[in-house]
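The values are calculated or read from the model by the stated rules, or taken from the named source; none is laboratory data. Model, not experiment: these values are computed from the prediction. Reconstructed Cβ throughout: ideal geometry from the backbone, glycine too, with neighbour counts over all protein chains shown.
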Amino acid sequence: MDLKDVLQAVRSGWWLLVGAVLLTVAGAATTTYLATPLYSSSTQLFVSASSSDATSAAAYQGNLFSQQRVTSYAQLLTGEQLAGQVVDELRLDLTPAELAGKVSATALPDTVILNVTVTDTSAQRAQQIADALGRQFTARVAELETPDGARASTVKVTTVQAADLNGTPVSPDATRNLALGAVLGMLLGLGLALLRSRLDNTVKSTEDVRELANVGVIGTVLEDPQLEASHLIADLDQQSMSAEAYRSIRTNLQFLDVDRPPRVFVVSSSVPGEGKSTLAVNVATVLAQAGSRVVLVEADLRRPRVTRYMGLISGAGLTNVLAGTAALHEVVQPWGDGKLTVLAAGPMPPNPSEMLGSAQMRSLLAELRTVNDYVIIDSPPLLPVTDAAVLSVLSDGCVLATRFGKTRREELAEAAASLARIDARLLGVVLNRVPQAAGATRGYGYNYSYEADPGRETTAAVGVSRPQVSRRHDRRRHELTGPLPAVGSPRRSARPEETPQSPRTAPR
């Protein structure tokens, strides 16, 4: 994993980093607050050799002797025997081992000075213990260093710094603990982000798309809560990044093949929930806004969404035309200024795959191709059912919608492979619902909108609103009685659909 992968892992998993830092800092603060304050008191002892010879040579020999003894005296100061004498002197409610654990003694390098520190939960008791240790140690050294038959010790211990009373606790150190908690949290969060990146098996970049589907990304649609709610860019600001994203997809589709641009193409996805219907509706809308004659076919006969997103009638449609119970001009619905027409799915048939792969469907697409510049077919996902694959063979190609961070790599690879096995053309992939913080959005964060010109007076405000939906009042409506007959089976008679008492109004 190179630096670029690490930075991308941190960028996509920043919440893990922040959460880990907050958690560890909170833990450090809690531990600091609940910890018992500890106080320390220190004293210094000077060790010297006693000698009746006052020559410099004797003094030098005595100094060397004292330095050699100091190391042993440091061990004596932290022993339980001396600690027991201090407990008896001060009448402490401690065992000698507990008291010995509170004492630390070190010999200063190249000196004959011992530094003794006592740590306790009470500042006064720490001072008392340090003073008592100095007294008991002096007496113990005098006892040990007095030769047999002699009346004076060869070593003298002098207190050069009395034990101090320090009211400031030495532990816990809040600043140090919080800093250590933050550093630990950053390391933990970084590790979790890298682990998440390693274990993440979803599609998150254009490189993933090229590697898995062997095609390029023809568009990137950023995460947009408004688009998720309305599904139609006609309801949004026409200068929004979502609207510009679909215009970019329109341009890329028009220039995929200059000699033979795709005019009839299927919009599908690997699995449900990747935004294929939203993609089909908005691509059809922007193509119509550019002046092209477009027909949008709702060929997802299992879970139709197009008519609901566009606010159209979903009673009769494609299945009626294929079954021969209605003519095409009777069921198509114009949208907007008439450049875009929609062919709803119609009643749900018992055999969707066979109906979509029939000769009637082939003839219908040929008819739609002759009278329209573009035919966009919203189909079911590729992996659960074969409907999209069947339609891709009858069209100029297929556009796959892939949801950033949700579509698994193996799903996209299998969807592309399923098209390749039947010699269907995969035109490209659209990355849907890409977070703006993701690396795949580089270059998509700019906004280039209109700016007021102070030198010109604006006499009217220009607004972009959702087009009104016009309907043909003379359209004959049908509904099927019972299940729709399969293609090639005897046609079942149909009766006209009753006019609803409160028809659905056109979207505003």
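The set of residues from segment 388-428 being assigned to a strand (DSSP E or B) and surrounded by fewer than 17 Cβ atoms within 10 Å (Cβ to Cβ) comprises just one member, Arg408. Are there any helices (runs of 4 or more DSSP H) wholly within segment 285-376 with 3 or more residues that are over 38 Å from the mean Cα position of the chain (by Cα), and if so which? Passing ranges, in order: 318-323, 328-331, 352-356, 359-371.
Go through segment 238-265 and give me each residue that's of a type in the set (D, E, K, R), under 25 Å from Glu298 (Cβ atoms) and part of a helix (DSSP H, G or I). Correct list: Arg247, Arg250.
Just one of the listed residues (Leu190, Leu212, Leu194) is part of a helix (DSSP H, G or I), in contact (Cβ under 8 Å) with a residue 60 or more places away in the chain, of a type in the set (A, V, I, L, M) and assigned by TED's automatic domain parsing to the domain that holds Ala415, namely Leu212. Among the candidates Ala29, Ala20, the residue that is in contact with a Gly (Cβ under 6 Å, 6 or more places away or on another chain), at pLDDT 90 or above and in a helix (DSSP H, G or I) is uniquely Ala20.
Within segment 94-114, can one find any residue that is without any contact (Cβ under 8 Å) to a residue 12 or more places away in the chain, outside the structural domain of Gly19 (by TED's automatic domain parsing), crowded, with 17+ Cβ neighbours inside 10 Å and outside any strand (DSSP E or B)? Before you say what the answer is, go through the steps one by one.
First pass over segment 94-114, keeping only residues without any contact (Cβ under 8 Å) to a residue 12 or more places away in the chain: 94-95, 98, 101, 108-109.
Keeping just the survivors that are outside the structural domain of Gly19 (by TED's automatic domain parsing) gives 94-95, 98, 101, 108-109.
Subsequent filtering for residues that are crowded, with 17+ Cβ neighbours inside 10 Å retains 94.
Pick out the ones that are also outside any strand (DSSP E or B) and you get 94.
Scanning segment 94-114, I find at least one residue that is without any contact (Cβ under 8 Å) to a residue 12 or more places away in the chain, outside the structural domain of Gly19 (by TED's automatic domain parsing), crowded, with 17+ Cβ neighbours inside 10 Å and outside any strand (DSSP E or B), so the answer is yes.
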